[in-house]
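Report on the following structure.
The values are calculated or read from the model by the stated rules, or taken from the named source; none is laboratory data. Note that this is a predicted model, so its numbers are computed, not measured. Glycine gets a Cβ as well: all are built from the backbone with ideal geometry, and neighbour counts include every protein chain shown.
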Amino acid sequence: MVYLDIRDQNWFLERADRSAVTREAADGFCMAVAEPILSSRDLVDRSGEMLDTHELRAALLYLVLQRRDDDVDRQLTRLCFDGRHNVTDSALSECQILDSRVEKDDIFFYVYGVLHSPDYRKTFAADLKKSLPRIPQAGNSADFWAFSKAGQKLAELHTEYEQVAPWPDLEITYGLGFDADIADAYRVEKMRYPKVSNPDDPDIRKVDDKTTIIFNPQITVSGIPERAHDYTLGSRSAIDWILESYQVKTHKASGIVNDPNDWATEHNNLTYILDLIGRVVTVSMRTLDIVGALPKLDL
């Protein structure tokens, strides 16, 4: 007799994700043991359509929040998934003084636009490190709509980053003997910038050439605009974040291997990480263009 307790899920997941071998064994166990039991009790419905990537992410977020709600009872799931706005009626009334056509979604995008304003970030840099942001009201309807429409463009760009076209001016160089049909042709271990002499002072130690990325021993990406690194997420550029996040890492305590190549392999999209670099460059450049066109905040 096999007893399974949902509270043991972390124990199973930690061991299932240790390697490709353990993942295959876990999948085999599910197919041979768990699924027949669940199906026989009508607990698994295979008649529906497969979820796409965005639906899977939403479903995972729902389950995580629901599990957290069981522990802390903060109603996180209801707040995120019941269709309610976090924009209050009083905020809506205040903004409708500027323009009666304003709706709560417009205010949401206005906030997202203001949070990207260089004036706002510079003026409140110290406060933003220690307290929640306070959003200034627009002085007129023109400024409100400028920030709201910019915020909507930024939100769509940042949530749909996988759908944008890679930056067209990138140059991808393949090493001698490169074979795209080899299983590990597009595999990454740890991407890096090449080191070059400092143009301002050649006598000091070399610096990173952030216009180029050594993807793997056979692939190099060059032609990255230096300006693309001006779009930052915290203290790092979005491109730096990709290099840091998409590398093979082993958790010292558990021995669990986090391999970003697995997702690309499982979804039969071996160039996903390579394409993602180009897409993030596009997102960075377009973000800077939108932010650069924002009106000046009257603070």
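Observations, loosely collected:
- Residue among Y193, Y174 that alone is surrounded by 14 or more Cβ atoms within 10 Å (Cβ to Cβ), more than 30 Å from A58 (Cα to Cα) and modelled with pLDDT of 95 or more: Y193
- Cross-chain or 6+ apart pairs with Cβ under 8 Å, the range 181-192 first and of a type in the set (D, E, K, R), then assigned to a loop (DSSP other than H, G, I, E, B): E189/Q247; E189/V248; K190/Q247; K190/V248
- Strands (runs of 3 or more DSSP E) fully within the range 168-245 that include at least 3 residues being hydrophobic (A, V, I, L, M, F, W, C): 212-216.
- Residues within the range 181-190 that are within 19 Å of S222 (Cα to Cα) and loosely packed, with under 10 Cβ neighbours inside 10 Å, tallied: 0
Residue-wise test of (1) surrounded by 12 or more Cβ atoms within 10 Å (Cβ to Cβ); (2) free of Cβ contacts under 8 Å to residues at least 60 places away in the same chain.
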{"residue": "I242", "(1), (2)": "yes, yes"}
{"residue": "V248", "(1), (2)": "yes, no"}
{"residue": "N261", "(1), (2)": "yes, no"}
{"residue": "A264", "(1), (2)": "yes, no"}
{"residue": "N268", "(1), (2)": "no, yes"}
{"residue": "T271", "(1), (2)": "yes, no"}
{"residue": "D275", "(1), (2)": "yes, no"}
{"residue": "R279", "(1), (2)": "yes, no"}
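- Identity of the residue in the range 287-299, in contact with a helix residue (DSSP H, G or I) (Cβ under 8 Å, 6 or more places away or on another chain) and assigned to a helix (DSSP H, G or I), that ends up farthest from A165 (Cα to Cα): V291
- Top-ranked residue of the range 246-286 - restricted to ones that are basic (K, R) and in a helix (DSSP H, G or I), ranked as nearest to P166 (Cα to Cα): R279
- Filter result (among the β-branched types (V, I, T) and loosely packed, with under 14 Cβ neighbours inside 10 Å) within the range 83-121: T88, I97
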